[in-house]
Amino acid sequence: MAESAVSLLSSLKSIVGEANVLTEVADVAPYVTDWRDAFHGRARAVVRPGTAAEVAAVVRACAEHRAPIVPQGGNTSLCGGATPHANGSEIVLSLARLARVRAVDVANATLTVEAGVPLVRVQEAADEAGLFFPLSLAAEGSCTIGGNLSTNAGGTAVLRYGNARDLVIGLEVVLADGRVWEGLKGLRKDNTGYDLRQLFVGSEGTLGIITAAVLKLFPKARVSATAFAAVADVDAAVGLLAELKQALGDRLTGFELISRECVELTRARFPAFADPLPGQPWYALIQADDPAADSPLARQLEATLAAAVENGTARDATIAQSEAQGAALWALREHIPEAQRREGRNIKHDISLAVSRIPEFLREAEARLNAALPGVRYVIFGHLGDGNLHYNLSPPPGVALEAFRSETARANRIVYDLAVEMGGSFSAEHGIGQLKREELTRYKAEIEVDLMRRIKRALDPGNLLNPGKVV
């Protein structure tokens, strides 16, 4: 090992302790492969600081030795954003030990947490305070709030509460030179120049390392209702969404689109799940919540769905009669990604469009893909309420998975070209990471890419923070 490398490791051990600098292959292995097993890298070491001050000291040491850093939370990235490259020169900086809930301000409805707190623990801390944190996604048991913010995570409640960037008020961030920006203010109004926090939210650790955040909390729902509706097609699903918005207003929290293929795939991998409404082509999973204890929400949802069945917008609907039934419906939805992972790596797309254009997109995309890849199977689900589709493709029967995956570039061109033609985006909530860097330069305007690169050079002139990701 080169003398400079030994010197860096020695410095890092003096900062975080020898036990928190991992170099053995077996110890490092969980940190250098992504959740989907699509990206594999190597690392000089994995460093596990326990405080923001230790993060800053680690960054200063790495900057002194010109050692690139890959920040990592729960390692649940779907785009390789938290995976090091194969050259083995990078330090993986795990934030998992920054796991404290620093403060709860009930009167201000805010929660201050460190970056390594798992999302489910953030939800629990809010609940313990009698309040609610709405960010929710399938990986919430293992993903961390720092990773959620660095990727501007979406999830199932964006329809009502917005993305991660809408839920953060203040940040603490370690910059590329090791300085710490102390921006942990619990202020909803602070009109004093540029909104610096929004530079770091969604930047995937390329501009700075988020070490703590002040998050917005909301009143806890006292009445909730979950329903599963069958519709003939996605046009009908869009119509049902409009009817529910009109009837329920902002009490409509989630509206998930699920194809029949998704239900069958998930039940094949997880046979314990019930089939709520067998034999229908499309479904909508509906969540509504109201903080008012005497809310007539359940009756209003039932009446709206009954009217939708009567007028033909929906074919059938079932409403959960207990919290356990509602949880089971959501579990069916949330296990779709894991069912896909168990089936084998398919061709995944995370796109967004105006809700009104989604039916047209699906028709045209299917026509183009059927012509290019005869027999391709569609696994389509997502957050229809905010226009986000997980548009995934599985191989035709009898076609080997690897042979099909060799068509990824061609499939991407068809899907992304069409989405962008229709005013949409090739990345809705999963970010860019390594996976979509070329797509970013292909589809973003030249001026947008130039501005991103200027910001990157200004905040990280040595290109040490998560190099090779995003831009």
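Where strands (runs of 3 or more DSSP E) fall wholly inside region 55-129, no range has 3 or more residues that are in contact (Cβ under 8 Å) with a residue 60 or more places away in the chain and surrounded by fewer than 18 Cβ atoms within 10 Å (Cβ to Cβ).
Please go through region 170-179 and give me each residue that is in a loop (DSSP other than H, G, I, E, B) and either of a type in the set (A, V, I, L, M, F, W, C) or without any contact (Cβ under 8 Å) to a residue 12 or more places away in the chain (or both), ordered by number. Selection gives 175, 176. Among the β-branched types (Val, Ile, Thr), out of contact with any Ser or Thr (no Cβ under 9 Å at 6 or more places or on another chain) and more than 17 Å from residue 468 (Cβ to Cβ) - does that describe any residue in region 98-105? No, that holds for no residue. If you filter region 107-118 down to residues that are of a type in the set (A, V, I, L, M, F, W, C) and touching a strand residue (DSSP E or B) at 6+ places or on another chain (Cβ under 7 Å), you find that the one that is farthest from residue 12 (Cα to Cα) is 109.
The rows are residues; the columns are (1) of a type in the set (Lys, Arg); (2) farther than 26 Å from residue 149 by Cβ; (3) without any contact (Cβ under 8 Å) to a residue 24 or more places away in the chain.
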position: 369; (1), (2), (3): no, yes, no
position: 388; (1), (2), (3): no, no, no
position: 393; (1), (2), (3): no, yes, no
position: 408; (1), (2), (3): no, yes, no
position: 417; (1), (2), (3): no, yes, yes
position: 422; (1), (2), (3): no, yes, no
position: 444; (1), (2), (3): yes, no, yes
position: 450; (1), (2), (3): no, no, yes
position: 454; (1), (2), (3): yes, no, yes
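The sole residue among 49, 30 that is farther than 20 Å from residue 203 by Cα, of a type outside the set (A, V, I, L, M, F, W, C) and assigned to a helix (DSSP H, G or I) is 30.
Do we find a residue being without any contact (Cβ under 8 Å) to a residue 60 or more places away in the chain and more than 23 Å from the chain's Cα centre (by Cα) anywhere in region 459-466?
No, there is no match, as no residue in region 459-466 is without any contact (Cβ under 8 Å) to a residue 60 or more places away in the chain and more than 23 Å from the chain's Cα centre (by Cα).
Identify all residues within region 275-295 that are of a type in the set (Gly, Ala, Ser) and buried (at least 16 other Cβ atoms within 10 Å of the Cβ); write none if there are none. Passing the criteria: 284, 288, 295.
In this structure, residue 310 does not qualify as without any contact (Cβ under 8 Å) to a residue 60 or more places away in the chain, assigned by TED's automatic domain parsing to the domain that holds residue 427 and either surrounded by fewer than 16 Cβ atoms within 10 Å (Cβ to Cβ) or of a type in the set (Asp, Glu) (or both).
The values are calculated or read from the model by the stated rules, or taken from the named source; none is laboratory data. In this text, all values refer to a predicted model and were calculated from it rather than measured experimentally. Please note: Cβ atoms are built from the backbone with ideal geometry, for glycine as well, and neighbour counts cover all protein chains shown.
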